[in-house]
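Worksheet: one structure, shown below.
The values are calculated or read from the model by the stated rules, or taken from the named source; none is laboratory data. Note that the structure is a prediction, hence the values are computed from the model and not measured. All Cβ positions, glycine included, derive from the backbone under ideal geometry; neighbour counts span all protein chains shown.
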Amino acid sequence: NLHKKNLIYYAGVSSQSNGDRFKIEGRAIVPGVKTQDWVSTARVLVEGEEYVGFLRTDGSFAVNDIPSGSYVVEVVTPTFRFEPVRVDITSKGKMRARLVNFIKTSEVIRQPYPLQIRGSPQSYFMRRETWGWTDFLMNPMVMMMVLPLLIIVLLPKVVNTNDPEMRKEMEQSMNMLNPNPELPDVSELMTKLFSGSKGSGKAGGSSKGTRPAVKRR
Amino acid sequence: MAKLILQWLKFVVLCGTVGAVFEDQVGKFDWRQQYVGKVRFAHFDTHVQSSKKVVVATEKNVFAALNTRTGELFWRHVDKTGSEGNIDALLLQGADAVLVVGNGRLLRSWEVNIGGLNWEILLDSGSFQSACLVGQQDNVKYVAVLKKTVISLHYLSNGHQKWIENLPDSETVDYQAVYSGGNGEVYVLGVVPHSHIAVVVYSVDDGEILKQFSVEAAWLSNIQTSCAVVGKGMLTCVDSTTLSLYMLDLHTQLQMTQLPLQTLGLEVDPGFHPTLVSTQPNAARQPLSEFFLQLGPEHYVLLQLNNGQIVTLRDFKPAMLVSFATTGEKTVAAVMSPKNKTACGLNLFSADTGRRLLDTTLIFNMDPYGGKPETLYVQAFLKKDDSVGYRAIVQTEDHTLTFLQQPGRVMWTREEALSDVVTMEMVDLPLTGTQAELEGEFGKKADGLMSMVLKRLSSQFILLQAWVSHLWKLFYDARKPRSQVKNDVTIENLSRDEFNLQKMMVMVTAIRKPVNCRLHSFCFSSFKLFGIDSKTGTIVWKHYLDNIPSNAAFKLMVQRTTAHFPHPPQCTLLIKDKDTGLATLHVFNPIFGKKSHITPPALPQPILQSLLLPLMDQDYAKVLLLVDDQYKVSAFPSTKNVLQQLQEMASSIFFYLVDSSQGRLSGYRLRTDLSTELIWEVVIPPEIQRIVSVKGKRPNEHVHSQGRVMGDRSVLYKYLNPNLLAIVTESTDSHQERSFVGILLIDGVTGRIIHEAVQRKTKGPVHVVHSENWVVYEYWSTKSRRNEFSVIELYEGMELYNSTVFSSLDRPHAPQVLQQSYIFPSAISTLEATLTEKGITSRHLLIGLPSGGILSLPKMFLDPRRPEIVTEQSREENLIPYAPELPIRTEWYINYNQTISRVRGIYTAPSGLESTCLVVAYGLDIYQTRVYPSKQFDVLKDDYDYMLISSVLFALFFATMISKRLAEVKLLNRAWR
């Protein structure tokens, strides 16, 4: 008699614990990548590492033995990124999946259940700044140097400065641009700068700096 | 609002560039080693001829496939820790591996080639007993799982249950084993201890009980340890009290026949419990009729069952380990026998005759600092000439796996002890001989000007010589192809590099022995010490030590660094039994791993606390103070010099004790006679909350700036109390509504409570980092079901009370406390902060995540001064506007795709470069890298474009040359005009 009682008791316990535990099911896919290539590195983590599941060779998964509650379900692999999903399980075993929102925790944006999780490639690396001609030319410092140089070199060639009419016109336009006569003229400044640099270039010349002087004689 | 977003974006961009890895840096200064733990089951994959896999299931709940050629992992699956992920059985059939997990809770089948799951099913509750493959007509189709009260049969292809049957009389009979010989029957073997064996025979097809009988066996208590099925269904048992073999034919079910071992001429070693080793190469067929009987720790006999008669084929004495292996139709027995003190010989014998096979000797050299061989796994294969060749995996007591190939060649070794690192330290490498000579010059007393000059010249010459030889080596290596350049790391060529980036990692691993531990009242375990070169990950030395208490706590301390040449560096490991408090010291040289000749003091009293003082003895060893349960203090080393120094310093030496069971924190002062005096006590009522962790600051931490410059150019001074302790408590009430986490900041000298904070509706586990003037902690919010971070920062205010020195006894003003909390969108495993030489570099938090990533989160994000409304001043200060959720960016993972399973700890150490912090993360795997929290500001970046800068320089040089020439010509022309 006692044995029988024990048996019934055990049976009761087992059915109860089965009733309390549920299964979270779903499927993870990475578009364009065969599942075989990445399932061996993947795991399904439910609420951190509280419950762990693994992926089948077709990318589907089921995490067994979970009591009712609300859980964040996440598929983790080193190479792909999967969005986590919150799964709510009622005490009767009704399932609901929704977007994870840690700020508004009660907000419900439904997600399909059984879960459908799409992965995307994950990039961990910073891009190196590569050196290219375009980068070099587009550099503001270089632009500042090159454009005035072009103007200085090309402008006198394009515009015939010997033509008196043109000169007059230019002077007029310069005056319009430069209403303040006290400010130094741009071209003047440029020439000054140019001659200055020439001078310094001479001074900064190496030991052969005496040679021009000799030739001038 | 738009402005705010813009600000935010700006900061994100600003911070995004920090702490990231570039793709070309992969493997340049980082390495990872993956481990699986101590192997419990291992099977060679034989279903494909050329397979290079060995499938292992380990005590760490890991299931993995190893490459037999290299020892690396093909794939690995890490289950939950603890009993829920425990692997009870591993059965391999073709490309399918069936696992019983979690005391018979789950049945899983894995595809071995890909490493993916075939199926997983939930089994009924009940404690797991045994499992076996069941075949019919040479075809294995099912797996049988035996539990305490039921037996179930499942299809191998999809896991579906074919049938489940209750076991008869399961209240009285202890069913322990299941066996199938491939004839359509499943035998369940049970025992009523000291009474009889019960056998139930089920039909494979429908689960019907075909036969049920019991046989008298008063001597038997455990089938699994003393019985085996041999040959055509002969249950063979060995009994140590009557010293006999018992045999029962399961088909004819006659009386059990007793066969005293004496009649076979065999003798059991006194006090030894003999065991049987049998083999069933194919689950669809009967086991072999040959089996091993172990008679002593080093004594085996190969027996054969021949027409109901036992024949001794061969006696192996001494023999340490035996194993069967099958290839094709041939089965061989491998026997390992000791050769001399340091080597073992492995030989192959034909199983059906016991004859030694020619040319099958293999020498296994044992590591003198390792353990004894424990398990042997053998893979046999047929060679071209039809003879049998083999490979073997030997697992030793120190959890080392060694793979041997035939003429005694070690293909690879795996130090699985490293999957259980308990604590570690990084020690600077010593200088090379020449550098040391140069250093030694300064230590000596001056002996005349001339000789000093000569000495200096000669040492400079030696340096020059070393440099030239180094250059020559570089040049020589550069000509060779890259793969040929040897990267051997030995103790001889280990030396400190110019930036002190390469260090010696001293790791302490615990080797737990769970087997039979419960039976003994006092049970011992062991540990293994490793010295690993941090640059390459090569194990430079290892040392296995056994006979330590099974639940020991370890504390590793560096007493003397390598800076005190010619004194050798010295590390001390304190091993303390958690139950009794008794401790022992192990003193060793961290560079060579040798045990020091210094004999550590015997510690007869339980130890409560240990502290490493900044005091040094005349040999530059830091003084270790040990406080015993009588509150007496002993010092190590305890020379006269040290005791004198201690007496002088006693009035300024304070220490604290924590008794978490009684919730008591107490502070003590040292008296000059080395007794102690209680000066304060704080009791945290243990019935409401318990102390989870107590964290002080790291002694080697430097803080560079005393304060922070505000937007209005005033200075907010930090409260930098080196004696501050952060105490974390958790409520004993675990109810969702009433649980809480508390934090207490106490001055360890005076016992003054500086600050107290409580987070309601939260629970642990709490992770804490305490550094500078801040404490960061992480907990679980039960209300919102999310992880949250909280940061507390302490400031003195706009004025410093005493700017020259900090004294806990003289700080009248309480510090200003700022606190802010954030949401963290992931669970975390561990938390640590970066550490640099001088503390100038900004700090990052290193967060170990369950996904295996290590996130480097700038401390800037955890700043309680982050404003909700952006003002001109906060912008000036570079404060990020407050946002409730902390961001996780994939560029912040310092270990990119090199994930680390089950991160338990992160160790940070400063390097010689201020910008660089060395990081070691350990758990199941070990990962070493460097981080640059504020980028590499003190060295040229490794992508520095030498080509560009030199080509620009050359171009400019030639341009000046040419233009000069042109100018000359022009001048000349003008002069001619």
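Within the bounds of the stretch B:115-130, is there any residue that is more than 12 Å from chain A (Cβ to nearest Cβ), in contact (Cβ under 8 Å) with a residue 12 or more places away in the chain and crowded, with 22+ Cβ neighbours inside 10 Å? Taking every residue of the stretch B:115-130 in turn, at least one turns out to be more than 12 Å from chain A (Cβ to nearest Cβ), in contact (Cβ under 8 Å) with a residue 12 or more places away in the chain and crowded, with 22+ Cβ neighbours inside 10 Å. Here the stretch A:42-84 is the region considered, the condition is being within 21 Å of B:Val112 (Cβ to Cβ) and among the β-branched types (Val, Ile, Thr), and the residue that is farthest from the other protein chains (Cβ to nearest Cβ) is A:Val44. The number of residues in the stretch B:161-173 that are in a strand (DSSP E or B) and of a type in the set (A, V, I, L, M) comes to 1.
Just to verify a result, which residue in the stretch B:867-918, among those that are outside any loop (DSSP other than H, G, I, E, B) and of a type in the set (A, V, I, L, M, F, W, C), is nearest to B:Asn700 (Cα to Cα)? Per the criteria, the residue is B:Ala909. Only one of these conditions is not met by B:Ser963: (1) surrounded by 14 or more Cβ atoms within 10 Å (Cβ to Cβ); (2) without any contact (Cβ under 8 Å) to a residue 24 or more places away in the chain; (3) farther than 25 Å from A:Gly132 by Cβ. Which number is it? All conditions pass for B:Ser963, except number (1). When B:Ser771 is tested against (1) farther than 30 Å from B:Phe654 by Cα; (2) modelled with pLDDT of 90 or more; (3) small (Gly, Ala, Ser), exactly one condition is not met: (1). Taking the stretch B:376-416 and the strands (runs of 3 or more DSSP E) fully enclosed by it, the elements with 3 or more residues that are over 22 Å from B:Val332 (Cα atoms) are at B:409-415.
Within the stretch B:82-112, being more than 26 Å from the chain's Cα centre (by Cα) and more than 9 Å from chain A (Cβ to nearest Cβ) holds for B:Leu91, B:Leu92, B:Gln93, B:Gly94, B:Ala95, B:Asp96, B:Ala97, B:Val98, B:Gly104, B:Leu107, B:Ser109.
Collect the residues in the stretch A:120-157 that are polar (S, T, N, Q) and either part of a helix (DSSP H, G or I) or in contact with a strand residue (DSSP E or B) (Cβ under 8 Å, 6 or more places away or on another chain) (or both), keeping them in residue-number order. Across the stretch A:120-157, the qualifying residues are A:Ser120, A:Gln122, A:Thr134. Are any of the residues in the stretch B:940-951 touching a Ser or Thr at 6+ places or on another chain (Cβ under 6 Å) and more than 13 Å from every other protein chain (Cβ to nearest Cβ)? Looking through the stretch B:940-951, none of the residues is touching a Ser or Thr at 6+ places or on another chain (Cβ under 6 Å) and more than 13 Å from every other protein chain (Cβ to nearest Cβ).
Picking from residues in the stretch A:25-37 that are crowded, with 21+ Cβ neighbours inside 10 Å and farther than 30 Å from B:Gln736 by Cα, the one that is nearest to the other protein chains (Cβ to nearest Cβ) is A:Ala28.
For B:Lys576, the conditions (1) surrounded by 15 or more Cβ atoms within 10 Å (Cβ to Cβ); (2) not assigned by the TED database to the domain that holds B:Ile548 are fulfilled apart from (2).
The one condition from (1) farther than 29 Å from B:Lys941 by Cβ; (2) at pLDDT 90 or above that B:Ser842 does not meet is (1).
For the stretch B:158-170, the criterion of being among the β-branched types (Val, Ile, Thr) and more than 14 Å from chain A (Cβ to nearest Cβ) is satisfied by no residue at all. Restricting to the stretch B:880-895, and then to whatever is farther than 18 Å from B:His844 by Cβ and facing chain A (nearest Cβ under 7 Å), can you tell me which residue is surrounded by the fewest Cβ atoms within 10 Å (Cβ to Cβ)? Only one residue tops the list, namely B:Pro884.
Does B:Gly797 satisfy being surrounded by fewer than 17 Cβ atoms within 10 Å (Cβ to Cβ) and in contact (Cβ under 8 Å) with a residue 60 or more places away in the chain? Here the answer is yes, as B:Gly797 does meet what is asked. With respect to the conditions (1) more than 30 Å from A:Ser106 (Cα to Cα); (2) buried (at least 18 other Cβ atoms within 10 Å of the Cβ), B:Asp810 lacks only one, and its number is (2).
If you go through the stretch B:896-930 and keep only what is touching a helix residue (DSSP H, G or I) at 6+ places or on another chain (Cβ under 9 Å) and more than 14 Å from chain A (Cβ to nearest Cβ), you end up with B:Tyr922, B:Ile926. Condition test on B:Leu156, is it touching a residue at least 60 places away in the same chain (Cβ under 8 Å), crowded, with 19+ Cβ neighbours inside 10 Å and not basic (Lys, Arg)? So B:Leu156 fits the description; yes.
Screening the stretch A:91-142 for residues that are modelled with pLDDT of 85 or more, closer than 30 Å to A:Val39 by Cα and surrounded by fewer than 12 Cβ atoms within 10 Å (Cβ to Cβ) and picking the one that is farthest from the other protein chains (Cβ to nearest Cβ) gives A:Pro112. Annotation: B:Arg902 fulfils all but one of (1) in contact with a Pro (Cβ under 9 Å, 6 or more places away or on another chain); (2) closer than 17 Å to B:Asp30 by Cα; the unmet one is (2).
Counting only residues that are assigned to a loop (DSSP other than H, G, I, E, B) and aliphatic (A, V, I, L, M), which one in the stretch B:558-606 is nearest to B:Glu425 (Cα to Cα)? Top of the filtered list is B:Ile591. Among the residues of the stretch B:784-816, those identified as under 34 Å from the mean Cα position of the chain (by Cα) and of a type in the set (Lys, Arg) are B:Arg785, B:Arg786.
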